[in-house]
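Derivation of every value follows stated rules applied to the coordinates shown; laboratory data play no part. Predicted, not measured: the structure shown is a model, and the values here were computed from it. As a convention, Cβ positions derive from the backbone with ideal geometry for all residues, glycine included, and neighbour counts pool all protein chains shown.
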Amino acid sequence: MKELTTYDRVLIARDKKRPQVSKYIEELFDDFIELKGDRLSGDDESILGGIAMFHGTPVTIIGQRKGKSLEESMRFNFGMCSPEGYRKGMRLMKEAERFHRPIITFIDTPGAYPGKEAEEHGQANAIAESMALMSSLKVPIIAIITGEGNSGGALALSVADKIWMLENSIFAVLSPEGFASILWKDGSLAPKASEVMKITAKELYDFGLIDDVIAEDRNMFKVIDKKLQKEISSLQKLSQNTLIENRYLKFRNIDEKKKALKVIKE
Amino acid sequence: MEISDIFKNKKNRLDKLRRTRRKVDVEETLECKRCHGQFAKSVLKKNFMICPDCNKYFSMSAEDRIRSIADEKTFKEHLKGMYSVNPIDFLDYDKVIEKNKNRSKRDEAVITGVCKINGIKCAIAVMESQFMMGSMGTVVGERISAITEVAGKHNLPLIIFSASGGARMQEGMFSLMQMAKTSTVIEKFKENGGLFLSVYTNPTTGGVSASFAALGNILIAEPDALICFAGPRVIEQTIGEKLPEGFQHSEFLLKSGMLDMIVERQDLKETIHRILVMHNYLP
């Protein structure tokens, strides 16, 4: 079989037939209660949140979703989250901490919504606050990039103890189209941009920016189930201080493996 | 007087004229984007890089910023000489860096260190918008994180002047991850009781406005600065309409509840000093 190009993977990651967060909930968890609203001004449906049972343990789920039908996609704003969505996420994460529930986030977004209201309501602040909150939560957090993980809109829910990516998902500073139009003034160069940007699960794993790659085969859900069980139980064995300290060091030294920095000796 | 003397005199006069003209040429002038007035750089520098005629803010170099905030000769730079190794092997990134070094006279898009403000010791970071539009790559993320840790370790207040086009494209996901890195480090600093004053200057956008810059205990902006997540052009493309005048500028953000205050450039040092004193930081 011919090796997939990065842009092939971009298209696979965007495929509407790909499992979305509701499918993961159905396959991986026993019960799920959705919780809505940010308690400030609205409920952003591009983020699905709630409590689920995972092998007898309650966990908090926060997942981005694009929708399948046109009607759904419109409701979910094609997965482009607004500040209300990130604030709902933060509210649910604080609840998770209060009740000692591990948090699992599912990432799939073309990016945070670049709209007028989103800006008025503090899109930048919401993203920053979500990352800051996640860095200090006293419960285990696992982030799984299931489809498209573009820009701060994806990173806002990815400050986790472990970041996993599905084999054909992407994680990028922005969409290849955006990258091509900013740097080369031509959005149609997206396929070339996607190669240059190094956004595949394998490349990011080799850089040390993510922790694992999940093969997309028939056993995928079973594999995720096993990995979640193992990881959550080992994270739960850590003291709260160690958990937070480890997460701090993970992000503090995120560019260490690649040795991305050097200092000229004077 | 001989005829040759007349020519000699004329030559001397011309030389003198040329010399004086050259002297004038040496003094660089800048044009105000609002009122189109021409001003000598030295005149602008004395006026905090603010247009003397219409009060429009010119962008301020990191060096001038530090001079306007820190007590004289108190600034000590940290992590000088740090550079990125081009982590995603972006074509000609090294050349781009060289070009920007020459243009901005700085080695990266942020300068960090410790200084005194009216005698109070502070950790400070100032972004340089002339270096690759102040974009955040690994060096910016590391310097911000390291100076925040210095502030935490020595119980110093942290003051960051942001000016940035966002995450640096040329370092790909390494740039995006700097948002998580700086937010994590800032959060810990604040949790431990540190004071972080974030000052937005024109422009602060994308990956910087959506990470450490937004996390100040107190958020201050200069007048008329563009502060946003997505830039105006991107939004106009998304919603298919023109944005109102002043949208995403300081005054608008203040009204939307996203800022604590707008402070004129010449008053920043005094305002920061008053805030430091109210948080029990003393000389």
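Fully extending the segment from B:Val43 to B:Asp71, taken as 0.36 nm per residue of separation minus the present Cα-Cα distance, adds 8.0 nm. Note on the protein assembly as shown: with charges restricted to the Cβ of Lys and Arg (+1) and Asp and Glu (-1), its dipole about the Cα centre is near 1900 debye. Calculate how many DSSP beta bridges within the stretch A:1-157 are antiparallel, expressed in % of all such bridges and rounded to the nearest 5. The answer is about 50 percent antiparallel.
Given the Cα-Cα distance of B:Lys80 and B:Arg274 and 0.36 nm per residue of separation, how much length would full extension add, in nm?
Working it through step by step, the gained length comes to 66.8 nm.
Taking 4.7 Å between beta carbons as the limit, the unpaired Cys residues of chain B are B:Cys115, B:Cys122, B:Cys228.
Think of the stretch A:6-252 as having a plus end and a minus end, set by charges on the Cβ of Lys, Arg, Asp and Glu; of A:Gly122, A:Gly79, A:Tyr248, A:Tyr248 sits farthest toward the positive end of this dipole.
Relative to the compact-globule scaling 2.2 N^0.38 Å, provide the ratio for the alpha-carbon radius of gyration of the stretch A:6-252. Walk me through the numbers on the way to the answer.
On the way: Rg = 17.0 Å, N = 247, 2.2 N^0.38 = 17.9 Å.
Compared with the compact-globule rule of thumb, the stretch A:6-252 sits at 0.95.
In the protein assembly as shown, a dipole from Cβ-located charges (positive for Lys and Arg, negative for Asp and Glu) runs towards its positive end, and of A:Pro191, B:Met127, A:Pro176 it is B:Met127 whose Cα lies farthest in that direction. Pairwise Cα separations in the protein assembly as shown fall into 10 Å bins from 0 onward with the following percentages, short to long: 4, 18, 28, 25, 14, 6, 3, 2, 1, 1, 0, 0.
When you filter the trypsin sites (Lys or Arg not before Pro) in the stretch B:85-183 for DSSP loop state and at most 14 other Cβ atoms inside 10 Å of their Cβ, you are left with B:Lys105. Within the stretch A:1-70, the GluC sites (Glu not before Pro) that combine a DSSP coil assignment with at most 15 other C-beta atoms in a 10 angstrom radius are A:Glu3. Checking every one of the chymotrypsin sites (Phe, Trp or Tyr not before Pro) in the stretch A:184-266 against DSSP loop status and a limit of 14 other Cβ atoms within 10 Å picks out A:Trp184.
The charge dipole of the stretch B:175-283, taken about its Cα centre with unit charges on the Cβ of Lys, Arg, Asp and Glu (plus for the first two, minus for the last two), comes to roughly 360 debye.
Inter-label distance, A:Lys259 to A:Glu245: 2.8 nm, where each label sits 7 Å from its Cα along the C-beta direction. Counted over the stretch B:60-278, the DSSP beta bridges are approximately 35% antiparallel. Since only A:Gln64, A:Ala143, A:Ile47 are under comparison, the one whose Cα sits farthest along the positive direction of the charge dipole of the stretch A:6-252, derived from C-beta charges on Lys, Arg, Asp and Glu, is A:Ala143. Only helical runs count toward this figure. For chain A, summing -39,500 (n - 2.57) over DSSP H runs of n ≥ 4 and dividing by all residues gives -12500 deg cm²/dmol at 222 nm. Using just the helices of chain B, give the 222 nm mean residue ellipticity in deg cm²/dmol: DSSP H runs with n ≥ 4 each add -39,500 (n - 2.57), and the total is spread over all residues, rounded to 500. The per-residue figure over chain B is -12500 deg cm²/dmol.
Count, for each residue of B:29-40, the Cβ atoms from other chains sitting within 10 Å of its Cβ, then give me the mean as a whole number. Working shown, then result.
Values: counts 0, 0, 0, 0, 0, 0, 0, 0, 0, 0, 0, 0.
Rounded to a whole number, the mean comes out at 0.
Report the calculated FRET efficiency for A:Lys16 and A:Glu195 (r = Cβ-Cβ distance, R0 = 25 Å), to the nearest 0.05. That gives a FRET efficiency of 0.55. About its Cα centre, the dipole of the stretch A:6-252 is roughly 420 debye, where the only charges are +1 on Lys and Arg Cβ and -1 on Asp and Glu Cβ.
Label sites at A:Asp43 and B:Glu27, each approximated as a point 7 angstrom past Cα along Cα to Cβ, lie 6.7 nm apart.
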